[in-house]
1. Output the number of residues of segment B:26-44 satisfying the condition of being β-branched (Val, Ile, Thr) and farther than 22 Å from residue B:421 by Cβ.
2. From the set of residues in segment B:416-449 that are among the small types (Gly, Ala, Ser) and within 18 Å of the chain's Cα centre (by Cα), which is nearest to residue B:223 (Cα to Cα)?
3. Those residues that are touching a residue at least 24 places away in the same chain (Cβ under 8 Å), touching a strand residue (DSSP E or B) at 6+ places or on another chain (Cβ under 6 Å) and not basic (Lys, Arg), I need them from segment B:27-41; list them, please.
4. Determine if segment A:155-169 includes at least one residue that is among the charged types (D, E, K, R), touching a Phe, Trp or Tyr at 6+ places or on another chain (Cβ under 6 Å) and within 19 Å of residue A:41 (Cα to Cα).
5. Among A:82, A:69, which is modelled with pLDDT under 90 and more than 16 Å from ligand 2 (Cβ to nearest atom)?
6. Does segment B:386-432 hold any residues that are buried (at least 19 other Cβ atoms within 10 Å of the Cβ) and polar (S, T, N, Q), and which are they?
7. For residue B:399, all conditions in the list (1) more than 20 Å from residue B:81 (Cα to Cα); (2) touching an Asp or Glu at 6+ places or on another chain (Cβ under 9 Å) hold save one; what is the number of the exception?
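The values are calculated or read from the model by the stated rules, or taken from the named source; none is laboratory data. Worth saying up front: this structure is predicted, and the values here are computed from it rather than measured. Counting neighbours? That spans all protein chains shown, and the Cβs are built from the backbone with ideal geometry, glycine included.
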Amino acid sequence: MAARMQQGSRPGGARFAQFKLVLLGESAVGKSSLVLRFVKDQFDDYRESTIGAAFLTQTIALDDQTTVKFEIWDTAGQERYKSLAPMYYRNANCAVVVYDITQAASLDKAKAWVKELQRQANENIIIALAGNKADLVAEQPDKRAVTTADAEAYAREANLLFFETSAKTAENVKELFTAMAKKLPIEQASQRGMRSAAGRPGGVDLGLRQEPGQQTSGPGGCQC
Amino acid sequence: MDEIAPEYDVVVLGTGLTECILSGVLSVKGSKVLHMDRNDHYGGEAASVNIEALFRKYNNFQPGTEPWKKYGRANDWNIDLVPKLLMSNGELTNILVSTDVTRYIEFKLVAGSYVQQGNGAKATVAKVPSDASEALRSPLMGLFEKRRAKNFLQWVGNFDEANPSTHNGMNLSQTTMKQVYDKYGLEETTRDFIGHSMALYPTDDYIEKKGMAKDCVERIRLYVNSMARYGKSPYIYPLYGLGELPQGFARLSAIYGGTYMLNTNIDEVKYDESGKVTGIRATMKERGEEGEGMKFETKCKKILADPSYFQGKAKVTGHMLKAICILNHPLDKTENADSLQLIIPQSQVGRKHDIYVAVVSSAHNVCPKGYYIAIVSTIAETEANHHLELQPGLDRLGKIEETFMGPPIPIYEPLEDGSKDNIFLSRSYDATSHFETMTEDVRDIYRRAQGEELVVEKLKSGEGLVSEE
Ligand SMILES: Nc1nc2c(ncn2[C@@H]2O[C@H](COP(=O)(O)OP(=O)(O)OP(=O)(O)O)[C@@H](O)[C@H]2O)c(=O)[nH]1
Ligand SMILES: [Mg+2]
């Protein structure tokens, strides 16, 4: 076995798999903030629109046998003028579509993204809907512009996971990602070595980045 | 929608690979970049398209019919409009690694590199020998010639510019390649496969040029070193097609603050009294969108563009001929390779320009299982009957399910270096089968536009671009 195919075959029957997760949603709903909370457990009140870190990874242990690693892609703003590249959702295993519960229009935008994903992305992509900035409503209930019941009804109908979150207080952030991890096909992924050319026959790892617990394939990769 | 900024350092027009690499690099280095394309997709003329889009682009069907339906889900196809491969040790690979764009794109080896000797039914198709010991086993040469070729390749392999004892008494910057071949006593047919399938020259112009020996030896070394990197062939190719490359660099640019707008037409380019560019007026409007679209204006200090945006500032240097073919079988005499490049050197088929055949398949996720996409290309040498010029390549394909062949494609080159108006144009993709000349163009444009050499090695800042756990 080569490279990231190591996934799933750790000694003692432990399972490990890596999945690509993409974020979508209107500008300023808190996509990057959710990721920052999830990956670094930080929050920044004066965050600028995404530049810089748009690729992060985070690992969740579902139980002491099962580890899921998310390779998280943030949009980098290319969607602002409807210019998101197909590469972005290519092979995404899961997506978090975010809206701001204090902005009704942001839910419409989220619904449009869900449609787009269902049209363009993997057929079995797992999508979660996140109504973010729940903390604002906890302070001032009249700020709410989307009711929980409405969003929940839509999520059920469209077959989406649903959480109201706050990147600021961390409410439901871990829960959101954990729920996604639980729905992912870990068994299959660890067998197929998803998201890794270096694990496919003939795949090459140009950067030759050695990651812990992983080996780089020799010439030509293995024939598994 | 957010406002467009009132001013950018650089406006880039066209999302071909050359432009996207430049946008990516400039953004990483801190320039404020606005990047636009009149099309609704990334990649311009070098995009990868699905099979329905390909039928439509070439208008290869009767109205009312939908011939693409028999090829499965249209989106399972990613068919390159320009056939090229990456050398695994080449400059594009270097740029991909230096910028960490390898995070977004996965690569796979191309299974084989072949060359044709002879013509018609009697032609030999054989693996390009990749080093001295393979030369000894190659069916391309007779017994004595093999030894001579082995000596030559050994010399090339050991060549070190800094060490005169490896030069075998020649000053390569003064020598012609003919003199070098003569010195090793190589036959014409051997010169042919070395010059065309290892040094990858598309014509024989290099042979008699004084000082070209150095270039040729470097090219052969690139081939040999690329081959040595992963074995099998010196070429790699991205999963999902070449169209992933411009998208990867566009993402890099966007991550560093580059603004992206597809579906955008340039209405006016503004200049000051001295003739230097000062800004643009443009309209973003999706196909089928109602109304005027979004009109805007912004200032800029310079424009980088592909020649299609400034046709008056470019000249046509030749025409490329190309046929994209869908097959349901691998190529004969290639050991069922799932991907390959086959070069038919010009002299073997009585031409001045080589014919290239590039084949990719489901192994690179560009089509459903069981299909192969072969692109035959060359430079036009006649005014009409262009399919005849491609015929020796088409002959190698066996039964063809579909052929997509348009009119000859003009190859543009900028008329000026851009210093007068601060508009810096790229060249069209040339006929070469790899990206080495494209990366030379990237360096050339960068030098012209920024007044310094492009150094990619330090771009991987680590901080900022990527953070892990
Ligand atoms: N009160 C509150 N503010 C939040 C929350 N999440 C994000 N914000 C704020 O909302 C603003 C936008 O957050 P970002 O994370 O940058 O939003 P984004 O969706 O990534 O925006 P783009 O990158 O422009 O697409 C920032 O000022 C954040 O501090 C939240 O849960 N509660
Ligand atoms: Mg963001």
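1. Result for segment B:26-44: 1.
2. The qualifying residue nearest to residue B:223 (Cα to Cα) is B:433.
3. Within segment B:27-41, B:27, B:33, B:34, B:35, B:36 qualify.
4. Yes, because at least one residue in segment A:155-169 is among the charged types (D, E, K, R), touching a Phe, Trp or Tyr at 6+ places or on another chain (Cβ under 6 Å) and within 19 Å of residue A:41 (Cα to Cα).
5. Of A:82, A:69, the one residue that is modelled with pLDDT under 90 and more than 16 Å from ligand 2 (Cβ to nearest atom) is A:82.
6. Hits for segment B:386-432 are B:422, B:426, B:428.
7. (2)
Every residue, every condition in (1) free of Cβ contacts under 8 Å to residues at least 40 places away in the same chain; (2) away from chain A (no Cβ under 14 Å), yes or no:
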position: B:43; (1), (2): no, no
position: B:74; (1), (2): yes, no
position: B:84; (1), (2): no, yes
position: B:87; (1), (2): no, no
position: B:90; (1), (2): no, no
position: B:98; (1), (2): no, no
